[in-house]
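Here's the structure, in structure tokens; my notes come after.
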Amino acid sequence: MANILDYLNWRGDIPFSSNPFNSVDGLILAELAYLPLKGVVSTDFSIRMKIPHVYEHFNPDKVPENAKFFGFSHDCILLQKLAESPRFSGTQLTGYVDETTDEMQFSAITCILEDGTAFVAYRGTDGTIVGWKEDFELGVVRQTGAQLHAVNYLNQHFANSPRQLRIGGHSKGGNLAIYASAFCKPEVRSKIQNIYSYDSPGFREEIVETDGYQSIMPKTISIIPESSVVGLLLSSSMKHQIVKSSSTGLKQHFAYSWEVLRNAFVPAEKLTDTSEVIQKALSGWLADFSDEERKIFVDSVFDVIGASEKSTIREINQSKRSSYLAMVQAVGKLPPDRQAVLIDAIMKIAKNAVN
């Protein structure tokens, strides 16, 4: 079935002046944020580069293996098609940020469209262990490091700018887009036209109940596949648009599997039974545990993963035998109280799924 790459083949020659910006365009720019463009796109907002020039300067063969995230080959094709597309070829890229520390993974890029508006795209989880841990912490802490950086990115670059904005991202990137829009300065928030969230996890209740969060809900567009899991985690209080995917199960999180017809996603009638079962199981686990127990669980899981001495999921998969052996041994070395919480959490998730 057709996807966002086919959309560029069909409608890449139609300018935004003839067919306005839509949710498919938003997903395309959200996916663009996954490309490692350090050294190609400037961090300085006064320096911009049109997409065809970005494509000329970007060499996939020089990208380190640990920076080739899931979908890298598709993202490279996407960049080529954008460069060849009159609809996007005039778009300028700037403000590229890519930071990873021991506690945080954050990346963003700003796309200046030919009409003068900007699309700020936040990258989703990039395959680093740090990034995955931060995803888990969305249900544990009020604000993650990436969320703080996302807010600062908007405030720093757009507080004194008259430019109208769209904000978006896929997976964790959509969570960052919503959070940054809700908690940025009022003068920035007033310039935001829409926020695009593509199969993105939600928030703790105290975030959802804030005035800032509630104020942006009318501008927020949330799109999830019919077997969504990630997009149903935690609370959101928003109505999702459910779309068809050519994949099954968790593989539907891969945005290139989402089906497109003309200038829109193909709608699905409802979520699959599997999606609802997993969502209820995980939500039940979150409700059963205190914040302290959740933190112990998350720390324990990633201490175990850290025993593999690998920095990305790709590296673990490339040396499964040694990595899994090290992780199994690490479970046995956890203090008894942490082992108990870890086992209890797994049992409750299984029980909720059965129920």
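Checked against the criterion of being surrounded by fewer than 22 Cβ atoms within 10 Å (Cβ to Cβ) and over 22 Å from the mean Cα position of the chain (by Cα), segment 95-115 has at least one qualifying residue.
The helices (runs of 4 or more DSSP H) found wholly in segment 22-117 and carrying at least 1 residues that are of a type in the set (G, A, S), in contact with a helix residue (DSSP H, G or I) (Cβ under 7 Å, 6 or more places away or on another chain) and modelled with pLDDT of 95 or more occupy 23-32, 72-84. With respect to the conditions (1) touching a residue at least 12 places away in the same chain (Cβ under 8 Å); (2) surrounded by 15 or more Cβ atoms within 10 Å (Cβ to Cβ), H53 lacks only one, and its number is (1).
Yes/no per residue for (1) among the small types (G, A, S); (2) touching a strand residue (DSSP E or B) at 6+ places or on another chain (Cβ under 9 Å); (3) under 21 Å from G173 (Cα atoms):
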position	(1), (2), (3)
S17	yes, no, no
A30	yes, yes, yes
Y34	no, yes, yes
K50	no, yes, no
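Going by what's in this entry, would V151 be described as at pLDDT 95 or above and either open to solvent by 10 Å² or more (accessible area, probe 1.4 Å) or assigned to a loop (DSSP other than H, G, I, E, B) (or both)? Judged against the criteria, V151 is a match.
The condition of being closer than 29 Å to Q143 by Cβ and surrounded by fewer than 18 Cβ atoms within 10 Å (Cβ to Cβ) holds for only one of K62, K38, that being K38.
Would you confirm, using the coordinates I've provided, whether S283 is open to solvent by 20 Å² or more (accessible area, probe 1.4 Å) and modelled with pLDDT under 95? Full working, then the answer.
Working: open to solvent by 20 Å² or more (accessible area, probe 1.4 Å): yes; modelled with pLDDT under 95: yes.
Yes.
In segment 216-248, how many are outside any strand (DSSP E or B), out of contact with any Asp or Glu (no Cβ under 9 Å at 6 or more places or on another chain) and modelled with pLDDT of 75 or more? The qualifying residues number 9. Scanning segment 205-226 for residues being open to solvent by less than 30 Å² (accessible area, probe 1.4 Å) and over 17 Å from the mean Cα position of the chain (by Cα) gives a total of 6. Could you grab me the full set of residues in segment 1-18 that are more than 23 Å from V243 (Cα to Cα) and crowded, with 17+ Cβ neighbours inside 10 Å? Selection gives F16 alone.
Output yes when any residue across segment 161-170 is in contact (Cβ under 8 Å) with a residue 24 or more places away in the chain, among the basic types (K, R) and either farther than 26 Å from D44 by Cβ or surrounded by fewer than 16 Cβ atoms within 10 Å (Cβ to Cβ) (or both), and no when none is. Yes, segment 161-170 contains a residue that is in contact (Cβ under 8 Å) with a residue 24 or more places away in the chain, among the basic types (K, R) and either farther than 26 Å from D44 by Cβ or surrounded by fewer than 16 Cβ atoms within 10 Å (Cβ to Cβ) (or both).
Do we find that P64 is more than 14 Å from D98 (Cβ to Cβ) and not aliphatic (A, V, I, L, M) in this structure?
On the way: more than 14 Å from D98 (Cβ to Cβ): no; not aliphatic (A, V, I, L, M): yes.
The answer is no for P64.
Against the numbered list (1) under 22 Å from the mean Cα position of the chain (by Cα); (2) among the basic types (K, R); (3) over 22 Å from G173 (Cα atoms), R87 comes up short only at (1).
The values are calculated or read from the model by the stated rules, or taken from the named source; none is laboratory data. As the structure is a computational prediction, the values presented were derived from the model and not from experiment. We place every Cβ from the backbone using ideal geometry, glycine too, and count neighbours over all the protein chains shown. Each accessible area value is taken on the protein alone, full model and side chains, heavy atoms only, with ligands, DNA and RNA left out. Shrake-Rupley method; radii C 1.70, N 1.55, O 1.52, S 1.80 Å.
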